[in-house]
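Peer 1: This is the structure I want to talk about, given as structure tokens.
Quick note: the coordinates plus some simple rules give every number you see, no bench work behind them. From a predicted model like this one, the values you see are computed outputs, not experimental measurements. Glycine also receives a Cβ, built like all others from the backbone with ideal geometry; neighbour counts cover every protein chain displayed.
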Amino acid sequence: MGYNVQVTDGIYWLGVNDRRSFIFERQWPLPKGMAHNSYLVVDDKCVLMDTVENAEGMDYLGRLKGVLGGRKLDYLVINHMEPDHSGGIDAVLRAYPEVTIVGNKKTREILYRYMAEEPERFMEVADGDALKLGKYTLRFYLTPWLHWPETMMTFVEEVGLLFSGDAFGSYGALDGAVFDDEMDATAYEGEMLRYYSNIVAKYSKQVLKALDKLQGVPVKMIAATHGPVWRKDPGWPVERFRRWASQESEEGVVVAVGSMYGATLTMGELLARALVESGVKKVILHDVTKSHLSFVLRDVWRYRGLCLGAVAYNTEMFPPMAQLCDKLRHIGLADRDVALFGGCSWSGGGVNNLKRFLEDNKNLRLVGDPVEMKGRDVNVVENDIRILAKKMAEAIKR
Ligand code: FEO
């Protein structure tokens with residue numbers, strides 16, 4: 001591969017774009033692909049910062065060799081052991097058997113579970129430890145549970161460059177432009193939030209802890225393992241991660257509907273229209289049988305209002321809605337206004353199941369009275385739906 005991208009003096013981006021995978025972690029769609037970023041610091045000592053999942057991709061090893069220019073690789077820092085970053089460790093060790101792996105106590109534990117043989121050289125670092133390379137000094141910050149227990153960040157003190165691991169990362173391949181100053185980086189916001197809500201959200205408290213730890217660190221550039229490198233405005237992804245981790249929401253409503261034959265969907269359509277007529281500027285309707293969970297989670301995490309509408313299936317919650325509700329419970333959605341509705345043919349279970357979900361999730365607030373429609377004549381419940389929409393519109397304006 002004929003390009004090496006310099007981040008700053010002596011520090012290079014060695015990322016690999018995955019444009020072929022349809023899904024990440026075998027569950028999250030990748031309509032815009034995915035960048036797996038690795039970096040190389042060339043100093044008196046040369047350091048590789050994480051690897052990539054597929055060391056064959058984009059001639060990763062060839063580019064590494066090219067930038068090293070005959071120098072030996074002294075260290076491989078592992079900020080995160082998940083296989084999308086550690087997948088290339090074996091290949092790097094085969095090419096550079098003398099390399100010393102740098103990680104924390106937890107890294108070592110997980111690394112040894114993944115390796116065919118224990119690496120010969122492992123340097124264990126603790127929070128705040130430093131490693132002098134020559135003109136550059138690496139400082140290690142342990143930031144556990146972002147989103148694995150071993151996650152840490154590495155800071156190049158002299159240039160203020162933070163290798164942040166998955167934190168501040170995003171779905172989406174890099175289309176030639178690697179840095180935020182080479183693109184409209186705000187275009188990554190949707191994919192960054194989808195990544196956050198899908199993968200990191202459960203660990204939002206730990207994200208806030210990590211951000212607090214970084215408060216006094218003079219970060220001038222952020223190089224995450226996914227998405228753009230932030231060297232013009234590193235505060236942009238930090239601000240978003242802080243907002244999302246704090247569950248700050250925007251004024252808007254997601255209507256998520258699970259409907260079998262369309263009656264409950266018709267209720268959802270009417271509710272969406274009534275919300276708009278009640279003054280809500282941002283309304284998104286997801287048919288949960290069609291919208292991938294990944295995108296529903298993204299929108300639910302963004303907006304303050306959530307209207308859940310579902311039928312029952314054999315008296316239990318309709319499975320696609322059950323999957324959404326279970327995931328919302330799992331990632332700890334909180335501080336949202338939630339309205340409920342659903343159709344009923346014979347059991348009345350659709351709304352009842354949603355009520356149980358809300359009773360079990362005390363951090364969500366019920367808005368108005370749940371609306372149940374018996375049969376399919378939406379005119380019978382139109383007034384109730386309009387009342388519900390008004391209450392929701394008032395609730396999210398708080
Ligand atoms: Fe990008 Fe948690 O792996």
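Peer 1: Per DSSP H run of n ≥ 4, the term is -39500 (n - 2.57); total these for the chain, divide by its residue number, and report the mean residue ellipticity at 222 nm rounded to 500 deg cm²/dmol.
Peer 2: Rounded to the nearest 500, the figure is -9000 deg cm²/dmol.
Peer 1: Okay, moving on. Could you name the aspartates and glutamates in cross-link range of Lys72, using Cα to Cα under 16 Å and dropping any fewer than eight places away on the same chain?
Peer 2: Reachable aspartates and glutamates: Asp43, Asp44, Glu98.
Peer 1: Ok, one more. Among rounded, prolate and oblate, which fits segment 29-145 when a ≥ b ≥ c are the square roots of the eigenvalues of its C-alpha gyration tensor, a/c under 1.5 means rounded, and a/b larger than b/c means prolate?
Peer 2: Rounded is the answer for segment 29-145, as its axis ratio a/c remains below 1.5.
Peer 1: Output the pairs from Lys106/Lys135; Lys290/Lys397; Lys106/Lys205 with a Cα-Cα distance over 22 Å in this structure; if there are none, say none.
Peer 2: Where the Cα-Cα span goes over 22 Å, the pairs concerned are Lys106/Lys135; Lys290/Lys397.
Peer 1: Quick check: from the Cα gyration tensor, does segment 69-225 come out rounded (a/c under 1.5), prolate or oblate?
Peer 2: rounded
Peer 1: Turning to a different aspect of this structure: With an 8 Å Cα cut-off and a minimum separation of 6 or more residues, compute the relative contact order for segment 47-197 in percent.
Peer 2: Worked out over segment 47-197, it gives 17 percent.
Peer 1: For Lys355, list the aspartates and glutamates whose Cα falls under 18 Å from its own Cα; do not include residues on the same chain fewer than 8 positions away.
Peer 2: Leaving aside aspartates and glutamates fewer than 8 places away in the same chain, those within reach of Lys355 are Glu316, Asp326, Asp335, Asp337, Asp369, Glu372, Asp384.
Peer 1: Starting with the highest mean, order 81-94, 279-292 by the number of other Cβ atoms within 10 Å, averaged over the residues of each peptide.
Peer 2: Going by the mean number of other Cβ atoms within 10 Å, highest first, we get 81-94, 279-292.
Peer 1: I've got another one for you. For Lys105, which aspartates and glutamates qualify as cross-link partners when the Cα separation must be under 17 Å and same-chain residues fewer than eight apart are set aside?
Peer 2: Result set, ordered by chain and number: Asp50, Glu82, Glu118, Glu120, Glu124, Asp127, Asp129, Glu150.
Peer 1: Something else: Dipole magnitude of segment 50-167 about its Cα centre, charges +1 at Lys/Arg Cβ and -1 at Asp/Glu Cβ only, in debye to the nearest 20?
Peer 2: 400
Peer 1: While we're looking at this one, here's another question. Please report how far the C-alpha centroid of segment 110-180 lies from that of segment 332-373, rounded to the nearest whole angstrom.
Peer 2: 43
Peer 1: Output wanted: per-residue J couplings in Hz (rounded whole) for segment 84-101, from phi through Karplus 6.51 cos²θ - 1.76 cosθ + 1.60, θ = phi - 60°, x for Gly and Pro.
Peer 2: Whole-Hz 3J(HN,Hα) from phi for segment 84-101: 5, 10, 9, x, x, 4, 4, 5, 5, 5, 5, 6, 9, x, 8, 5, 9, 7.
Peer 1: Highest mean first, how do 363-370, 150-157 rank when packing is the count of other Cβ atoms within 10 Å averaged over residues?
Peer 2: Highest mean packing first, the order is 150-157, 363-370.
Peer 1: Using +1 at the C-beta of Lys and Arg and -1 at the C-beta of Asp and Glu, which of Leu354, Ile23, Leu214 has the Cα lying farthest in the positive direction of the dipole of the chain?
Peer 2: Leu354
Peer 1: Starting from the Cα gyration tensor of segment 148-238, take the square roots of the eigenvalues, sort them a ≥ b ≥ c, and report rounded, prolate or oblate (rounded when a/c is under 1.5, otherwise prolate if a/b is larger than b/c, else oblate).
Peer 2: Oblate.
Peer 1: Just how large is the dipole of segment 226-302 about the Cα centre, in debye to the nearest 20, putting +1 at every Lys and Arg Cβ and -1 at every Asp and Glu Cβ?
Peer 2: For segment 226-302, the charge dipole is close to 340 debye.
Peer 1: With a 10 Å radius around each residue's Cβ, average the other Cβ atoms per peptide and rank 202-215, 20-33, highest first.
Peer 2: 202-215, 20-33
Peer 1: Could you go through segment 130-139 in sequence order and give the Karplus-derived ³J(HN,Hα) for each residue, using 6.51 cos²θ - 1.76 cosθ + 1.60 with θ = phi - 60°, rounded to whole Hz, and x for Gly and Pro?
Peer 2: Once rounded to whole Hz, the list reads 10, 9, 7, 9, x, 6, 9, 10, 9, 10.
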